[in-house]
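What follows is calculated from the coordinates using simple rules that are stated; it is not laboratory data. Remember, predicted model here, so these are calculated numbers, not experimental data. Don't worry about glycine lacking a Cβ; one is built from the backbone with ideal geometry, like all the others, and counts go over all protein chains shown.
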Amino acid sequence: MRTFRIGGIHPEDQKLSANVPIEAVALPKQAIVPIHQHVGAPAQPVVAKGDRVKVGQLIAAANGFVSANVHAPISGVITKIDTAVDAWGLPMPSIFIDADDGGDEWLETIDRTPDLNRICKLTGEEIIQKIQDAGIVGLGGACFPTHVKLTPPPGSKAEVLIINAVECEPYLTCDHQLMLEHGEEIFIGISLIMRALKVERAIVGIENNKKDAIELFRELANRHFGIEICPLKLCYPQGGEKQLIDATIRRQVPSGALPIAVGAIVQNVATVYAVYEAVQKNKPLFERVMTVTGKNVTRRGNYLVRFGTTLADVIEHAGGIPEDTDKIIAGGPMMGRAVINVDMPAHKRTSGILLMPESESARREPVNCMRCGKCVEACPMGLEPFLLIQQAERRLWDDMERNDIMDCIECGCCLYSCPSNRPLLDYVRLGKNTVGGIIRARSAKK
Amino acid sequence: MNLIVISLITLGLIGCISAVVLYLASQKFKVEEDPRIDEVESVLPGANCGGCGKPGCRNFAVACVAADSLDNLYCPVGGSSIMTKVGEILGLAAVENDPLVAVVRCNGTCEHRPKTSHYDGARSCQIMHNLYAGETGCMYGCLGCGDCVEVCTFDAIHMNPETGLPEVDEEKCTSCGACVKACPKNIIELRKKGPKGRRIFVSCVNKDKGGIARKACAVACIGCSKCEKECAFDAITINNNLAYIDYDKCRLCRKCVVVCPTNAIHEVNFPARKTAEVKPTETLNA
């Protein structure tokens with residue numbers, strides 16, 4: 001069985017909430033919708049205080065090409081457009097909607113029936129336009145606007161579409177459950193994206209710990225032309241774009257280049273499902289499936305959450321915060337970030353909430369580096385984290401740039417593998433931020 | 001014996017030829033350098049701190065010699081006395097600047113500003129700043145990891161373990177500005193040392209509205225503009241709910257210190273007040 005060739009680690013997969021059916025969380029009384037839920041420019045609000053909106057109505061329009069629309073997750077009245085505090089204590093411009101009449105009055109154009117809609121007569125450009133209108137972004141975690149990804153730069157041609165159904169993050173199970181419950185829809189979504197990209201071939205990469213999903217998808221693939229299933233050996237960070245391309249089609253994306261350089265486009269399964277809903281059901285992106293999990297969470301599972309619902313409400317629905325919780329992490333344990341404010345609303349980026357007891361989350365005391373090279377072995381991008389941390393501590397940004405710091409995907413393999421508990425990722429991230437700033441300033445000067 | 005003589009002669013010859021070649025080469029490729037550069041460098045402090053904006057004292061000397069006027073060149077460590085000497089060497093007029101000192105504009109000690117979260121990552125303000133707002137409710141205040149202490153080449157700034165805030169040693173501070181650049185929250189400011197080291201400044205950079213700021217920290221500037229009204233010299237301006245004292249206009253009358261309801265305005269190196277005034281602040285704080 002395949003996997004990617006450089007580095008990687010194998011943390012315990014801890015899929016505690018696997019095979020728990022998706023359950024919708026009750027609608028919030030007030031939805032706080034951030035206008036910047038994606039990579040790129042923040043969206044521009046198109047509603048004013050006092051306006052009444054329906055579910056799915058556009059409330060903030062994309063500001064430029066690399067940006068995404070934001071839609072109302074509940075129906076109600078706009079009470080204010082103000083800054084809210086995000087999960088990390090920083091200000092976040094948001095639109096506040098107060099629900100009225102239950103808050104579930106949808107736009108008439110949205111098809112709410114559960115029936116499958118297989119027929120699509122749209123051209124590729126029309127499909128991309130619909131995706132753009134629906135405000136779809138990559139739901140794997142990076143939140144890069146999908147329509148931008150589906151529009152390769154002139155001169156490059158996509159050859160193969162790769163679907164990321166890997167879900168290599170420990171604990172998270174939302175993609176897995178989505179595949180089991182909405183397999184057909186995902187396949188239609190894949191065909192739609194294939195048509196938009198004008199490619200003949202799609203590969204679905206699934207890690208081997210999701211045997212039921214592989215079986216289901218194999219069966220479905222027999223009925224869909226051009227879609228292959230590629231079971232992959234368990235290895236983190238297989239869900240990284242470059243790693244997944246290497247694992248599935250054995251091509252390596254050059255340093256600093258995009259996957260399109262090797263003719264590949266990668267999309268997450270959750271994004272594919274959102275594309276299906278947007279194109280076939282006219283439903284914009286205003287809710288997503290997220291995993292709420294942790295050793296001591298009573299009702300851990302996969303929940304369908306409207307954006308704007310506070311994390312506190314979602315956790316409450318899942319049985320509340322266990323007493324011994326030390327850290328609440330938004331996202332998975334490897335790539336996610338600990339939050340300090342649970343009153344922050346769930347949005348496009350939130351793929352999971354992980355409640356970790358102290359015994360699991362506490363960091364150990366760092367000691368000196370002993371040059372064992374485990375971080376070098378683990379780094380999936382072929383970097384030398386032990387060297388980069390020394391350079392970051394000494395503020396040698398030029399040297400870090402020469403050592404390809406910008407290739408770092410911040411997967412955390414180095415930190416995980418370090419026997420000396422060095423804060424490798426912290427410093428590498430600092431270096432990446434600073435060097436990124438220097439590079440941007442340099443290109444702005446030119 | 002013969003062997004030794006031959007080796008001595010050969011080595012001697014090689015030595016002589018190399019010496020001639022080196023001499024000729026050094027004459028041919030001689031670089032004419034202004035002797036004044038060495039002179040200027042000899043009067044500079046030689047700390048290579050980078051406070052002037054140049055990579056080191058030598059580069060500053062080169063820049064001084066090359067410049068037509070010293071208007072934009074100033075060595076903060078040496079101050080006006082050194083710059084006058086540099087001016088004498090070069091025959092240029094030196095700029096007179098008042099001595100500055102680094103000032104930490106945050107008074108959010110552990111008791112004033114309770115912690116709301118616990119940070120267990122790498123001890124670096126910059127890293128913490130990139131991750132989130134900080135361990136307390138105030139997203140503007142000092143993070144307390146000591147990046148400023150680390151960059152100071154003069155051992156002039158230290159963390160006070162009791163308050164968790166950095167403290168500047170006025171005697172040692174040369175106002176090179178390294179800590180100002182290192183602080184991700186822009187808390188440290190270079191202010192005029194003032195006559196006899198006396199100065200008044202707002203020890204807060206919180207731009208939140210009064211209520212929010214006060215909730216996060218007991219000694220935050222709430223932007224109430226009482227000091228602005230009290231000031232007879234227009235030295236105080238309020239921007240984004242935050243007061244700022246212009247040190248060029250301030251006459252050190254200390255009236256603003258008394259009216260501040262949250263004790264956010266600090267006075268340094270003043271003698272004790274003559275009459276034991278009851279500050280209105282205490283009643284408000286209670």
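Structure summary
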item: DSSP bridge orientation in chain A - percent antiparallel, rounded to nearest 5; result: 60
item: Cα gyration tensor category, rounded, prolate or oblate, for the range A:131-229 with a/c compared to 1.5; result: oblate
item: Sequence-distant residues sharing a close amide H with A:Val204 (under 5 Å, placed H); result: A:Ile163, A:Glu228, A:Ile229, A:Cys230
item: Average other protein chain Cβ within 10 Å of Cβ, residues A:425-433; result: 4
item: From phi via Karplus (6.51, -1.76, 1.60), per-residue ³J(HN,Hα) for the range A:435-446 in Hz, x at Gly/Pro; result: 4, x, x, 5, 5, 4, 5, 5, 6, 5, 5, 5
item: 10 Å-binned pair-distance histogram of the range B:30-164 (Cα, whole percent); result: 11, 32, 20, 18, 15, 4, 0
item: Listed residue pairs exceeding 18 Å between alpha carbons, taken from A:Lys157/A:Lys348; A:Lys327/B:Lys115; B:Lys172/B:Lys196; result: A:Lys157/A:Lys348
item: Solvent-free Debye scattering, log10 I(q)/I(0), computed from the Cα coordinates of the protein assembly as shown at q = 0.06, 0.08 Å⁻¹; result: -0.48, -0.79
item: Neighbour-count order for B:Val40, B:Val77, B:Val21, fewest beta carbons within 10 angstrom listed first; result: B:Val21, B:Val77, B:Val40
item: Spin-label pair B:Glu33/A:Ser255, simplified geometry with 7 Å Cα→Cβ offset, distance in nm; result: 3.6
item: In order through the range A:376-382: 3J(HN,Hα) via Karplus (6.51 cos²θ - 1.76 cosθ + 1.60), integer Hz, x for Gly, Pro; result: 5, 5, 7, 5, x, 9, x
item: Charge context of B:Val62, other residues only, Cβ under 11 angstrom, K/R +1, D/E -1; result: -1
item: Spin-label model distance (nm) - A:His224 vs B:Phe270, 7 Å beyond Cα toward Cβ; result: 7.4
item: Sorted peptide list for B:228-239, A:113-124, criterion being average Cβ within 10 angstrom, highest first; result: B:228-239, A:113-124
item: Cα-based convex hull, the range A:374-445, per residue volume (Å³, whole number); result: 71
item: Along principal axes, Cα extents of the range A:23-122, largest first, whole Å; result: 44, 35, 28
item: Equivalent ellipsoid dimensions for chain B as semi-axes, Å, which come from the Cα gyration tensor, largest first; result: 54, 25, 15
item: Shape category assigned to the range B:36-90 from the gyration tensor of Cα positions, a/c cut at 1.5; result: rounded
item: Label-reachable residues, the range A:291-320, where backbone N falls under 14 Å from a point 7 Å from A:Ala24's Cα toward its Cβ; result: A:303-307
item: Environment charge of A:Tyr303, counting only residues whose C-beta is closer than 12 Å and scoring Lys/Arg +1, Asp/Glu -1; result: 0
item: Residues B:Thr10, B:Thr84, sorted so that the one with the fewest Cβ neighbours within 10 Å comes first; result: B:Thr10, B:Thr84
item: Burial ordering of B:Ser7, A:Ser420, A:Ser17, fewest other beta-carbon atoms within 10 Å first; result: B:Ser7, A:Ser420, A:Ser17
item: In nm, spacing of pseudo-spin labels at A:Asp404 and B:Asp246 (7 Å Cα→C-beta vector); result: 5.4
item: Long-range HN-HN contacts of A:Val55 with modeled amide H, under 5 Å; result: A:Ser75, A:Glu105, A:Trp106, A:Leu107
item: Computed over chain A: relative contact order in percent, which uses C-alpha pairs under 8 Å that are six or more apart; result: 19
item: Prolate/oblate/rounded label for the range B:149-286 (Cα gyration tensor, a/c 1.5); result: prolate
item: Semi-axes of the equivalent ellipsoid for the range A:243-310, Cα gyration tensor, largest first, Å; result: 31, 20, 10
item: Length-normalised contact order of chain B in % [C-alpha pairs under 8 Å, at least 6 apart]; result: 14
